[in-house]
C-alpha cells in the first residue's frame, strides 16, 4: 500500500507504479491536479490506476503537502460556514 500512497506525491505516479517492482502490470488511468483552497499555489492531487495482475482499481489522494497548507485548510475547516451535504450531515464549504 505504501508505494501506492507515495505515488500520489509524485508528478509522475506512473513511474512509481511501474518501477517499484511490486506491481508487475500496473497502468495509470488518470491523474488530476486541482487548486484545492483559496491559494493558487496549493495543489491537491489524485490518481486512478489499474493493477491488472491483482485485479484491483486504485484511487489515491495526496494529502497536505506543506505546513502552510495544513494551517490554511485547518482554519478553513474550523471557521468557514458549513453546508448541508447531499448525503446527510454538515460539511465544510
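The values are calculated or read from the model by the stated rules, or taken from the named source; none is laboratory data. The structure presented is a predicted model; accordingly, all values stated were derived computationally and were not measured. Every residue, glycine as well, gets a Cβ built from its backbone with ideal geometry; the counts of neighbours run over all protein chains shown.
Residue 31 meets the stated requirement of being at pLDDT 85 or above and either touching a strand residue (DSSP E or B) at 6+ places or on another chain (Cβ under 7 Å) or within 18 Å of residue 92 (Cβ to Cβ) (or both).
Out of 54, 73, one residue alone is touching a residue at least 24 places away in the same chain (Cβ under 8 Å), surrounded by 12 or more Cβ atoms within 10 Å (Cβ to Cβ) and assigned to a helix (DSSP H, G or I). It is 73. Inspection of the stretch 63-81 finds no residue satisfying the criterion of being closer than 16 Å to residue 3 by Cα and in contact with a strand residue (DSSP E or B) (Cβ under 6 Å, 6 or more places away or on another chain).
Can you tell me which of (1) touching a helix residue (DSSP H, G or I) at 6+ places or on another chain (Cβ under 7 Å); (2) without any contact (Cβ under 8 Å) to a residue 24 or more places away in the chain is the one residue 26 doesn't meet? Answer for residue 26: the failing condition is (2).
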